[in-house]
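The values are calculated or read from the model by the stated rules, or taken from the named source; none is laboratory data. Remember, it's a predicted structure, so these values are computed and weren't measured experimentally. Cβ coordinates were reconstructed from backbone atoms using ideal geometry, including for glycine residues, and neighbour counts include every protein chain displayed. Please note that ligands, DNA and RNA were not included when accessible areas were found on the heavy atoms of the full protein model with its side chains. Shrake-Rupley method; radii C 1.70, N 1.55, O 1.52, S 1.80 Å.
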Amino acid sequence: MLFDDYATDGFFDEMFSADGTVRPHYRVVAEGLNGMEGVEYQQKQEAVEMAFMRGGVTFTVYNDTQGTERIFPFDCVPRVISAEEWEVVERGLIQRITALNLFLHDIYHDQKILKDRVIPAAHVLSAKHFRREFMHFQVPKDIYVHICGTDLIRDHAGRYLVLEDNLRCPSGASYMLENRAAIKRAFPEILRQAGVRPVDDYAQALLSAMQHVAPAGYQGKDHPNVVLLTPGVFNSAYFEHAFLARQMGIPIVEGRDLVVRDFAVYMRTTAGLVPVDVIYRRIDDDFLDPSVFRADSLLGVPGLVNAARAGNVTLANSIGTGVADDKLIYYYVSKMIKYYLGEDAILDSVDTYLASEAKDRTYILENLEKLVVKSANEAGGYGMLMGPWASAAEIEEFRAQIVANPRNFIAQPPISLSRHPTWVGEGGGFEGRHIDLRPYILYGDKISVNPGGLTRVALRKGSLVVNSSQGGGSKDTWVLRQPAGPPTAPSA
Amino acid sequence: MTSVSFPPSLVHPAGVSFERPPATAMLSRVAASLYWMGRYLERAENIARLLDVNIQLLIDFGSIDDQGVKEHWVPVLRSVGDEEVFFQYYAKADSASVTEFMTFHRQNPNSVFSCVCAARENARQVRDQISFEMWEVLNEVYLFLQASDAQKVWRDGPGAFYDQVKRYSHLFQGLTDATFSRTEGWDFLQFGKYLERADKTTRILDVKYHILLPRATDVGGAIDTAQWQAVLRSTSALEAYRRFYVTEILPKKVAEFLVLSDSFPRSLRYCLGALHDSLGRIGTGEEGGPDGPERSAAGVEFRQLCDELARLSIDDVIARGLHEFLEMAQAVIGRLASHVYERYMHHPPVDMASEIRFHQQEQQQQQQQRSL
């Protein structure tokens, strides 16, 4: 039996309890996989990888002159979330995005939360992604964050914690959809028996959220012209951009396809210039408009910001949302929830120390070898010190950086991420690997959370880094429709 | 709202439309990618067929010396226009070097591999516009070629290899036919495909005719049937020819078939007819509309050529000189291609610096107005 030698090694395992029993919501998956031969499972895994390769579900490896393309590694063992657990996660995410959106509106208008000293004003005003130029700018329907990807982890006790919010251009939703399509081919029967909520509505919901914020100007036309703005075919996420555009049936455009005149945006077509109403942009603020932000950006569209300001085009996400996923601001999200909604946060955050606060800084500097240090504005697992695994030289390098620029660093105790059975090849069978979860939240006429999200897995043994750029892969994520039955007898 | 005049460099040649676009309106960049995708894949298929046929032909010759081998391959290189580039990389034209050059050489932009890469890159640029099935085939043929090299081809048998390449191309044509909407994008794709096909058919015929029958008076003289069969097979025309004429293979009839047939899908006349159909739907979407490509000088000249092909007999063509006639046809097609490309697919590049200045001034004016 494939799970016979599986060991949880004292970690919180998603599939198995500490006593080795299969958790009730994993019963169907465990039984389905356990009945397979190693060679059969290996064939399924390889068939899925081949299908990804043939379908070009790949990303281009940077710094490779051969233009090598790789598939984003995929592990066929699905990650399952029970209906009960998901209900809490969903409520927690909706609460969180509601508060973050109110926060963005507040700091770009009256700044009450700063005046009431809930968050020190300096933290916000000094944030790298705070856009002073957008003070008092009215975004359509007061929605700043149309798409949010929030990274969740589970600690040693299985408690869901928010690791970070991604409020700029969160990526990965296409892999969520492709992973499900792959599993449908590999394990159709297990999927059917488990009673899993579908994820396929994502593209339609995304399009609806975009159309919801179209400027009034498109009235009289059948529907607003929504486009996806990509940095281009050489961007590592181009696959995702093309995939989502295709799923939504909207044009994918590059900066050079657009032109701004009379404070309105047009795309250049074979039939002349055609107006654009909403831009789902997958380009960061800095590169969006070289006449306002970075002048050296060749990806952007000169005049775009002014067109948005004039209300003739809507950008999703809005400009300046990055201030809310600054890791220093992360520390204050629970306080925001209390301040704006009068509620306690449903999802906890990881304990966080701010290097900008004298007391915290002393603690951080004295305990660097025990902490995870993160810079406030980096993503993708970069700009990070994993104290317990770092060399003395790395620790000293970070110490110097923290002293020089305390605003830019926070520290957290290392979290022992939950583990999940993951295929390591026919010889090794299943072993536990650390995972996280990125659900996708859409803010349109209402806030909706796609059931599941992208489960990322650190494929290297013992590694806690799930980022695809650093040896991470992904899994399909199943949210069950019905509450699970009673636990079954031990099998591992 | 005050009207803003558009600097000429930014106005798309097809004019400015503030109306909702017709459902078919597409980005010029997308149109260009579809056009090149169609062209490059057609080119890859034609080159694969040309190589396949000529390798087989050599087998029929039995043993021939180096000079004979060279005399066999050089015209093949000439018919794809790559003779010069070839001799930059290879000293000797033989089966191994020519097939490697025309199949795998990365520096040869017309090698099968380069063409497939280019088709796939263009497909990737418009991944959102084409069907999954189309993309998958392009990706598969790319992976197939990437996993092969000249040694492997010669070891496993070139016939099977080139058959596979052609099959991928045919699969792509079929899937395109079955899964791609007949919108403007379809016409750009077809335009690219038939342009390439017309070009290759005329070149193959021109080069071979020239070598096998250097003087017009040779027509009807002793001929090498194997060579003329090869010409027909290079354009997938052998069986169609046989069915049509039910007779021996005669050079004049081969020329007639490849130039004037109104039913064979690789003849010059047929390809031009297909181009003409697409042309009527490109741009304004209204055939013969005021901006339609047919009204341009290149379009008028093209139309005249189409009329001529319907009217002329092969004797008329040969009397004018087959080579001269084919050269003229290629020039007309070339001018039409440039016109359509410039007018509908090409972006006049934006001068970023002046664009940035323009918008910064606009912003300053706005701020001044606000502070007044």
Fill in the blank from the handout: Taking every residue of A:45-56, the Cβ atoms of other protein chains inside 10 Å of its Cβ average out to 2
Practice task
Using only Cα atoms, find the angle between the long axis of helix B:184-212 and the longest principal axis of chain B, and express it within 0 to 90 degrees, rounded to the nearest 10.
Solution key: 30
Handout entry: Spacing of the two label points (7 Å from each Cα toward its C-beta) at residue A:9 and residue B:252, in nm
Key = 8.5
Exercise for the section: Return the carbon/sulfur percentage of the accessible area of the protein assembly as shown, one whole number, probe 1.4 Å, all protein chains in place. Expected result: 50
Handout entry: DSSP-defined antiparallel bridges as percent of all bridges, the range A:167-311, nearest 5
Key = 55
Completion exercise
With every protein chain in place, the accessible area of residue B:281 for a 1.4 Å probe, in Å² rounded to the nearest 10, comes to 120
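Computed over the Cα atoms, what is the radius of gyration of chain A divided by 2.2 N^0.38 Å, N being its residue count? It would help to have the intermediate numbers written out before the result.
Details: Rg = 23.0 Å, N = 492, 2.2 N^0.38 = 23.2 Å.
Taking N as the residue count of chain A, the ratio is 0.99.
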Fill in the blank from the handout: From the Cα centre of the range A:185-221 to that of the range B:53-114, the distance in Å is 53
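Hey, what's the Kirkwood Rh for the range A:351-412 if you take every pair of different alpha carbons, in angstrom?
It works out to 11.2 Å.
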Practice task
Report, largest value first, the span of the C-alpha coordinates of the range A:212-275 along each principal axis, in whole Å.
Solution key: 36, 24, 21
Completion exercise
Rounded to the nearest Å, the spacing of the alpha-carbon centers of the range A:256-334 and the range A:4-41 is 47
Fill in the blank from the handout: Rounded to whole angstrom, the alpha-carbon centroid of the range A:407-459 lies from that of the range A:74-129 at a distance of 18
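Looking only at other chains, what is the average number of their beta-carbon atoms within 10 angstrom of each beta-carbon in B:139-147? Walk me through the intermediate numbers first.
On the way: counts 7, 4, 0, 2, 5, 0, 0, 0, 0.
Mean inter-chain Cβ contacts per residue within 10 Å come to 2.
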Exercise for the section: Would you calculate, for chain B, the mean residue ellipticity at 222 nm contributed by helices, counting each DSSP H stretch of 4 or more residues as -39,500 (n - 2.57) and dividing by all residues, to the nearest 500? Expected result: -22500 deg cm²/dmol
Practice task
Please check which bits of the range B:254-271 a label hung off residue B:328 would reach, taking the label as a point 7 Å along Cα-to-C-beta and the cut-off as backbone N under 19 Å.
Solution key: B:255-261, B:268-271
Handout entry: FRET efficiency estimate (nearest 0.05) - Cβ-Cβ, residue A:234 to residue A:125, R0 35 angstrom
Key = 0.50
Handout entry: Solvent-accessible surface (1.4 angstrom probe) belonging to residue A:375, in square angstrom, nearest 10
Key = 10
Handout entry: Estimated buried accessible area (total), pair B and A, 1.4 Å, Å² to nearest 100
Key = 4400
Exercise for the section: Counting helices only, and only those DSSP H runs with n ≥ 4, report the 222 nm mean residue ellipticity of chain A as the sum of -39,500 (n - 2.57) divided by its residues, in deg cm²/dmol to the nearest 500. Expected result: -8500 deg cm²/dmol
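For the peptides B:82-90, B:192-200, what is the packing order when you average, over each peptide's residues, the other Cβ atoms within 10 Å and list the highest mean first?
Per-residue Cβ counts within 10 Å, averaged per peptide and sorted highest first, yield B:192-200, B:82-90.
When the convex hull of the Cα atoms of chain B is projected onto a plane and the area is averaged over all directions, what value comes out in nm²?
22.9
Which of the peptides A:20-29, A:3-12 is most tightly packed, and how do the rest follow, judged by the mean count of other Cβ atoms within 10 Å per residue?
On the way: A:20-29: 20.9, A:3-12: 14.8.
Ranked by mean Cβ neighbours within 10 Å, highest first: A:20-29, A:3-12.
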Exercise for the section: Starting from the Cα of residue A:47, step 7 Å along the direction of its Cβ; do the same at residue A:201; then give the gap between the two resulting points in nm. Expected result: 3.0
Practice task
Calculate the mean, over all residues of peptide A:250-263, of how many other protein chain Cβ atoms lie within 10 angstrom of the residue's Cβ.
Solution key: 5
Practice task
Pull up all non-local amide H partners of residue A:225: gap of 5 or more, or a different chain, and H-to-H distance under 5 Å with H placed in the peptide plane.
Solution key: A:277, A:278
Completion exercise
Ratio for the range B:81-175, C-alpha Rg to 2.2 N^0.38 Å, reads 1.16
Practice task
Highest first, please rank the peptides A:317-324, A:445-452 by the mean number of other Cβ atoms sitting within 10 Å of their residues.
Solution key: A:317-324, A:445-452
Exercise for the section: May I ask for log10 I(q)/I(0) of the protein assembly as shown at q = 0.05, 0.07, 0.10 Å⁻¹, from a Debye sum over the Cα atoms as equal point scatterers with solvent left out? Expected result: -0.36, -0.68, -1.15
Completion exercise
quick shape note, the range B:290-372: Cα extents on principal axes in Å, largest first -> 81, 25, 13
Handout entry: Pairwise FRET efficiency - residue A:132 versus residue A:159, Cβ, R0 = 35 Å, nearest 0.05
Key = 0.40
Handout entry: Amide H contacts of residue A:478 (H built 1.01 Å from N, under 5 Å, at least 5 apart or other chain)
Key = A:79, A:80, A:81
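Using a 1.4 Å probe and counting only protein heavy atoms, arrange A:257, A:262 so the residue with the most accessible area comes first.
A:262, A:257
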Completion exercise
Using alpha-carbon positions, the gyration tensor of the range A:1-141 gives root eigenvalues a ≥ b ≥ c; with a/c under 1.5 called rounded, otherwise prolate if a/b exceeds b/c, else oblate, the class is oblate
Completion exercise
For the range A:463-478, Karplus-derived ³J(HN,Hα) couplings (6.51, -1.76, 1.60; θ = phi - 60°; whole Hz; x for glycine and proline) come out as 6, 10, 9, 9, 5, 4, 6, 10, x, x, x, 9, 9, 6, 10, 10
Handout entry: Computed FRET value (nearest 0.05) for residue B:146 with residue A:393, which takes r as the C-beta separation and R₀ as 35 Å
Key = 0.25
